Amino acid sequence: MVGWFEIPVNDMNRAKAFYETVFKVEIKDVEFNGLKMGWFPDNNGGYGATGTLIKQNSYIPSKEGTLIYFISKDVQIELDRVEAAGGKIGLEKTKISDENGFMGMFIDTEGNRVALHSDA
């Protein structure tokens, strides 16, 4: 089970603006001994892990690494916000199967590949 995730960024303000626009959430600035982070809101005990945007020299944004899936009511809602927020659509809303719902994928403003999943 995933307990936490970290998404590498080059420009924290640009990345925060992108994710706040796409997901309609507020990302909290946090700093630990010079390590800049942007925390996503917690899930209040609900399903799924929470995590952070992170800026540090050893964290390098990439579309080749681990793929994180954000849960959505309908992936099309967030996909419709991606390009206006400065990202690129990597995979339009696609049906996985009747049992597994839908997925979509985008490239964020930092160059990370990120996915979405919904039942609808």
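The values are calculated or read from the model by the stated rules, or taken from the named source; none is laboratory data. None of these values were measured; they are calculated from a predicted model. Glycine gets a Cβ as well: all are built from the backbone with ideal geometry, and neighbour counts include every protein chain shown. For accessibility, only protein heavy atoms count, side chains too; no ligands or nucleic acids. Shrake-Rupley method; radii C 1.70, N 1.55, O 1.52, S 1.80 Å.
Take the conditions under 13 Å from the mean Cα position of the chain (by Cα) and either open to solvent by 80 Å² or more (accessible area, probe 1.4 Å) or under 17 Å from Y19 (Cβ atoms) (or both) and apply them to A84. Does it pass?
Spelling it out, it is not the case that A84 is under 13 Å from the mean Cα position of the chain (by Cα) and either open to solvent by 80 Å² or more (accessible area, probe 1.4 Å) or under 17 Å from Y19 (Cβ atoms) (or both).
Please determine, by comparing only the residues of region 17-30 that are open to solvent by less than 40 Å² (accessible area, probe 1.4 Å) and out of contact with any Lys or Arg (no Cβ under 7 Å at 6 or more places or on another chain), which one is farthest from F106 (Cα to Cα).
V30
Name the single residue, out of those in region 31-54 being under 15 Å from the mean Cα position of the chain (by Cα) and open to solvent by 70 Å² or more (accessible area, probe 1.4 Å), that is farthest from Y19 (Cα to Cα).
D42
Among residues belonging to region 1-16 that are open to solvent by 30 Å² or more (accessible area, probe 1.4 Å) and assigned to a loop (DSSP other than H, G, I, E, B), point out the one that is farthest from R81 (Cα to Cα).
Here the residue is M1.
For region 92-99, state whether one or more residues are surrounded by 11 or more Cβ atoms within 10 Å (Cβ to Cβ) and assigned to a loop (DSSP other than H, G, I, E, B).
Within region 92-99, none of the residues are surrounded by 11 or more Cβ atoms within 10 Å (Cβ to Cβ) and assigned to a loop (DSSP other than H, G, I, E, B).
Residues to consider are T109, T66; find the one that is modelled with pLDDT of 95 or more and either within 16 Å of E6 (Cβ to Cβ) or of a type in the set (S, T, Y) (or both).
After ruling out the rest, the residue left standing is T109.
For region 104-120, name all the residues that are of a type in the set (A, V, I, L, M) and either without any contact (Cβ under 8 Å) to a residue 12 or more places away in the chain or open to solvent by less than 40 Å² (accessible area, probe 1.4 Å) (or both).
Selection gives M105, I107, V114, A115, L116.
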